[in-house]
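Enquirer: Following this message is one structure expressed as structure tokens.
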Amino acid sequence: MIKDDIKRLVGAREARVGVIGLGYVGLPLAAEFARRGFAAVGFEVDANKADAINRGESYIADVSSSQVKELVGAGRLAATTDFSSLKECDAIIICVPTPLRKTKEPDISYILAAAEEIKKNLRRGQLVILESTTYPGTTDEVLLPMFEETGLKLDEDFLLAFSPERVDPGNPQFQTHNIPKVVGGCTEDSTEVAALLYSQIVGNVHAVSSARVAEAAKLLENTFRAVNIGMANEMARLCYHLGIDTWEVIRAAATKPFGFMPFYPGPGIGGHCIPLDPHYLLWKARQHGFDSRFIGLAEEVNSRMPEHVVTLVADGLNDARKSMNGSRVLLLGVAYKKDINDVRESPALSIIDRLRAKGADVRYHDPFIAEVRFDEAHTEGGGAPLQSVALTDDELKSADCVVIVTDHTQIDYAKICQLSKLVVDTRNALGGDLRRTSCARIIRL
Ligand code: SAJ
């Protein structure tokens, strides 16, 4: 059995660790193994990324170029587009994207492409771990048969496990080394050795009985968020009809010291995890004839928030006897959450598209994002790219409505209050003492 051979290499930190996909998950992971004394090789399809790493340059904010330069200089970190080098690795970790197709069905094509490369180079004595978020069963129903087609046998020749990524880009408190790691193998040997490998770089490793338990745990984590955000958004729409301040309600409920966890309404959910991951669980459930209504309902509520925001803008303009058509609307923030430069799945894209479709003259200011381009899903309003405008006094004064879509910390919200005629605040950025400053009308989500 190869378990002991790999454990010896891992224990001595002589195991060569290959990471497929050097994105916001793979690069920090490869760097952490290298930092702990392992030889780490990143495998990339993008030669520009591989070249940058080998030049000692990082393109991921959570890993500094100086750290990459030091690790590459020490010969402990390298990157390559030559996947044949996979055969030299004792452990191979897959960190590739798992997007959704237009039909909202899982797209595991990146996992399959990585698995094909591993299959070509699989040899006796290797541990393979999948980290990409996917539906329960991917590791043992899809990857395992692919690898056993080579004639190599699980446990006798190779080990196979799943361990969900939990990277939270830009989080100053939680990084690779102090985020507990769930690990589940296709066999006990696989679980044991994968757990030993991660224990070299993570303080808390939580082993579970199978790969699919680990796959399901990850989906529960993020479906939990999507469903609870959906509840907060539904509460906001209900409170709007009841004339109750949603944020005040949540602040009050959050005083409960047990049995409650605050989530907040917003303009919709964006990012590369929360809008997508639940659909992997939903798809798998349906394969087994089980329809998870919570996931579908959360998706429906969350995806309708951009429409609700546009309604608030229309209501505000209407109260000022203005039509949406021809009004100047300035969005503050287009990133999917504050203080980052990522617009993936951002609700701002839908809000802009909808406002434009109603004839509004839409502009935005986002200190993190210079330009926004629109895909085919957002062309009702014409779909022309937009550039961020400077947040000048004139820009604020000339807007018929200002919409706070992303509550970036560095924005001067007191100035927004003083110079704007109408503000639709989807993030409670004007909460607290700003409520009392002399400013225009505020409509709060
Ligand atoms: N959002 C709300 N209300 C909330 C919380 C979030 O509307 O109460 C919105 C955000 O504005 C954003 C979307 O939901 O548009 C997703 O927000 P998020 O806080 O979940 O941020 P993400 O997408 O970066 O999620 C990641 C996830 N991390 C991983 O999957 C490894 C998630 O599990 C983390 O909990 C989250 O970061 C985090 O806590 O920062």
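The values are calculated or read from the model by the stated rules, or taken from the named source; none is laboratory data. Here the structure is a predicted model, which is why all the values come from computation and not from measurement. Every residue, glycine among them, receives a Cβ derived from its backbone with ideal geometry; neighbour counts consider all protein chains shown.
Enquirer: Could you please let me know if residue 303 is among the hydroxyl-bearing types (Ser, Thr, Tyr), farther than 24 Å from residue 443 by Cβ and more than 11 Å from the ligand (Cβ to nearest atom)?
Expert: So residue 303 fails the test.
Yes/no per residue for (1) in a loop (DSSP other than H, G, I, E, B); (2) on the phi < 0 side of the Ramachandran plot; (3) among the hydroxyl-bearing types (Ser, Thr, Tyr):
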| site | (1), (2), (3) |
| --- | --- |
| 51 | no, yes, no |
| 58 | yes, yes, yes |
| 62 | yes, yes, no |
| 97 | yes, yes, no |
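Enquirer: Enumerate the pairs (first residue in region 289-316 and polar (S, T, N, Q); second residue anywhere and within 12 Å of the ligand (Cβ to nearest atom)) with beta-carbon separation below 7 Å, excluding pairs fewer than 6 apart on the same chain, so at least 6 apart or on different chains.
Expert: 302/226; 302/229; 302/230; 302/233; 302/268; 302/269; 303/268
Enquirer: For residue 339, which of the numbered conditions (1) surrounded by 18 or more Cβ atoms within 10 Å (Cβ to Cβ); (2) touching a residue at least 60 places away in the same chain (Cβ under 8 Å); (3) among the acidic types (Asp, Glu) fails to hold?
Expert: (1)
Enquirer: Which count do you get for residues in region 170-207 that are within 16 Å of the ligand (Cβ to nearest atom), surrounded by fewer than 16 Cβ atoms within 10 Å (Cβ to Cβ) and touching a residue at least 24 places away in the same chain (Cβ under 8 Å)?
Expert: 7
Enquirer: While we're on this one: Any idea which of (1) modelled with pLDDT under 95; (2) away from the ligand (no atom under 11 Å from the Cβ); (3) in the same structural domain as residue 126 (by TED's automatic domain parsing) is the one residue 167 doesn't satisfy?
Expert: (2)
Enquirer: Only one of these is more than 26 Å from residue 201 (Cα to Cα) and either at pLDDT 95 or above or touching a Cys at 6+ places or on another chain (Cβ under 7 Å) (or both): 150, 134. Name it.
Expert: 150
Enquirer: In region 83-107, what residues are surrounded by fewer than 22 Cβ atoms within 10 Å (Cβ to Cβ) and of a type in the set (A, V, I, L, M)?
Expert: 100
Enquirer: Scan region 247-296 for residues that are more than 16 Å from the ligand (Cβ to nearest atom) and of a type in the set (Val, Ile, Thr) and report the count.
Expert: Within region 247-296, residues that are more than 16 Å from the ligand (Cβ to nearest atom) and of a type in the set (Val, Ile, Thr) number 1.
Enquirer: Which residues, counting only those in region 250-283, are surrounded by fewer than 16 Cβ atoms within 10 Å (Cβ to Cβ) and in contact (Cβ under 8 Å) with a residue 12 or more places away in the chain?
Expert: 261, 262
Enquirer: Then there is this: Given the condition surrounded by fewer than 21 Cβ atoms within 10 Å (Cβ to Cβ) and in contact with a Ser or Thr (Cβ under 7 Å, 6 or more places away or on another chain), answer yes or no: does some residue in region 68-80 qualify?
Expert: no
Enquirer: So which residues in region 290-332 are polar (S, T, N, Q) and in contact with a Leu (Cβ under 6 Å, 6 or more places away or on another chain), if there are any at all?
Expert: 292, 327
Enquirer: Could you check how many residues of region 230-276 are within 24 Å of residue 293 (Cβ to Cβ) and in contact with a strand residue (DSSP E or B) (Cβ under 7 Å, 6 or more places away or on another chain)?
Expert: Residues flagged as within 24 Å of residue 293 (Cβ to Cβ) and in contact with a strand residue (DSSP E or B) (Cβ under 7 Å, 6 or more places away or on another chain) within region 230-276 amount to 1.
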